[in-house]
Amino acid sequence: MVTDPYATLGVGREATPDEIKSAYRKLARRYHPDVNPDNPEAEEKFKEIGQAYSILGDEEKKARYDQYGVTDDQPGAGGPGGEYFGAGTNINDLFEQFFGGFGGTGFGGGRGTGRDGDDVRADTTVTLHEVLTGTQRTIKYRRMAVCDHCQGEGAEPGTPVETCGTCNGRGAVMRVANTILGQVQTQTTCPTCRGVGKTIQTPCKECSGRKVKVQDAEVDITVPPGVDDGITLRVAGRGNDGVDGGTPGDLYVVISVQETPGTWRDNLDLHRVVEISYIQAVLGDKISVDALDGKIELKLDAGTQPEATSRVRGRGLPRLRGTGRGDFVVHWRLVVPKKVNEEQVAALKAFAEASGEKMPEAEDGGLLGGLFGKKKRKK
C-alpha cells in the first residue's frame, strides 16, 4: 500500500490536478512493464504509481487523504484484466485513460510508445547586487531537438518507413511460457522496432536515424531576488525533445553567486569589512559606507576597539520567498601604519607622555629604532 501518494508521484501537496496528471504520465511511461520486461521492481513501482494516482486523481479521495491521511478504499482487490487499486479502479483502465490502452496507442500498441526527453542542466552566475534586486538572464545551452531534416521520422525524406515485420506494426510481441498452472501469455515491447511499429531502411543523414540532433538553444529566465549559491531554477519543457510523441524534458539552471572581495553573506545578512585609522578609532568619525542599495552614513564612536561591528537593520538581502530583509553588518578593521616619519614619531612620543605611557625601546629596524636608534655615519 502506498503510504504517501504525493512522494510516490514526486509532487507537493499544493500541486494542481494538471501537475499531478503530468507526473503520473511521466512515471507510468518510465516504469510500465512493457518498457521493463522481466523487471519485478519496475512492475511493483508501476503499481504504486497507479495506486497513488487513483487517490490524488480523485477529488473526494484526495480530500479524504489530505484530511485524514488515509482513504476509505482498501487496495489489493483483484479483478479481470489487472490488479485494482481502490474501489473499482483498475490499473489497466487507469493507464488507458492517458495512453489509449495496451492494444491502441499506448505501450504494446500499434503506434509506438514514445520516449520522453531527458532533463538538461545549464549554469549562470549573478552578483550580490543582483541577488538584492533580481535580474534577467538569457541562458544559452545545447539540447537534443527534433531533427528538422526528417521532422522526427528518423528516415531520409522520400525514403519508405515500413511496418515492422516482427510485430506487424503493433509495437509489441506476445510471449507464451509453460508453467505448472498452464500456459501464461505476456506482452513485451518489440525488440526489432523498440515499440515504434515501424522500421527504417534509409536513416536520416542529419540525425543518423535517431530522430533528434544537437541544437543550440537559448531561453530568457527571471532570477528572483534572494537566490542563494547553488539554488536551481526549473524551466519546464525546455530540455531535450521527446521522440515519437514523448514529452520534452526540463531545463534546470544552477545559480552561482559571484564572490565580492571584502564582502560576504550569512543567510540574509550582508557583511562588509571597512578599514579605519588609529585616529578615527580613538576620536570617532562619520564614515560613508557603500551598501548594495546605496551609501549608508555611519557614526564611528570614539574609542572603537579593533574588530568592532556596526549593524544596520533591514539593509541586507531579501528573502527568496516572503518579505523582509536581513541586516547590513560593518566590521571595523583597524589599520596600523607600517611606516611613520620623524614628525609622526614625535607626535606619538608626546601622546605617550601625555598618557603616562613609557615609550617602547625599539631594536634596530623598528619604527623608532629606524629613525632614532642608529647613529648617523660620518662623512
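Rule-based calculations on the coordinates, nothing more; no lab input. The shown structure was predicted, so the numbers you read here are calculated from the model rather than taken from an experiment. As a convention, Cβ positions derive from the backbone with ideal geometry for all residues, glycine included, and neighbour counts pool all protein chains shown.
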Report summary line: Taking every other residue with Cβ under 12 Å from the Cβ of ARG313 and scoring Lys and Arg +1, Asp and Glu -1, one gets +1
Report task. Over region 263-334, calculate the relative contact order: mean separation of alpha carbon pairs under 8 Å at least 6 apart, over the residue count, as a percent. Result -> 39
Query - Cα-projected label distance for SER288 with ARG194, points at 7 Å along beta-carbon direction, nm - result: 6.6
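Using only alpha-carbon positions, what ratio does the radius of gyration of region 263-334 give when scaled by 2.2 N^0.38 Å?
Working: Rg = 13.0 Å, N = 72, 2.2 N^0.38 = 11.2 Å.
So region 263-334 has a normalised radius of gyration of 1.17.
Which of rounded, prolate or oblate describes region 120-257 when judged by the alpha-carbon gyration tensor and an a/c cut-off of 1.5? Working shown, then result.
Values: a/c = 5.25, a/b = 1.99, b/c = 2.64.
Note, shape of region 120-257 comes out oblate.
Net charge within 15 Å of VAL126 by Cβ-Cβ distance, Lys/Arg positive one each and Asp/Glu negative one each, not counting VAL126 itself?
Values: positive: ARG137, ARG265; negative: ASP123, GLU130, ASP220, ASP228, ASP229, GLU259.
Here the count lands on -4.
Region 210-338: percent of C-alpha pairs farther apart than 21 Å? Each step should come with its number before you reach the end.
Details: 4805 of 8256 pairs.
In whole percent, the share of Cα-Cα pairs in region 210-338 beyond 21 Å is 58.
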Query raised in the report: Using a Förster distance of 25 Å, how high is the FRET efficiency between ALA308 and GLN258, based on the Cβ-Cβ distance and rounded to 0.05?
Result: 0.35
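Which FRET efficiency value, to the nearest 0.05, do you get for ASP123 and GLU357 by plugging their Cβ-Cβ distance into 1/(1 + (r/R0)^6) with R0 = 56 Å? Mind showing how you got there, number by number?
On the way: r = 57 Å, r/R0 = 1.02.
Once the sixth-power term is evaluated, E becomes 0.45.
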Query raised in the report: How high is the relative contact order of region 120-257, in percent, with contacts defined as C-alpha pairs under 8 Å that are six or more residues apart?
Result: 38
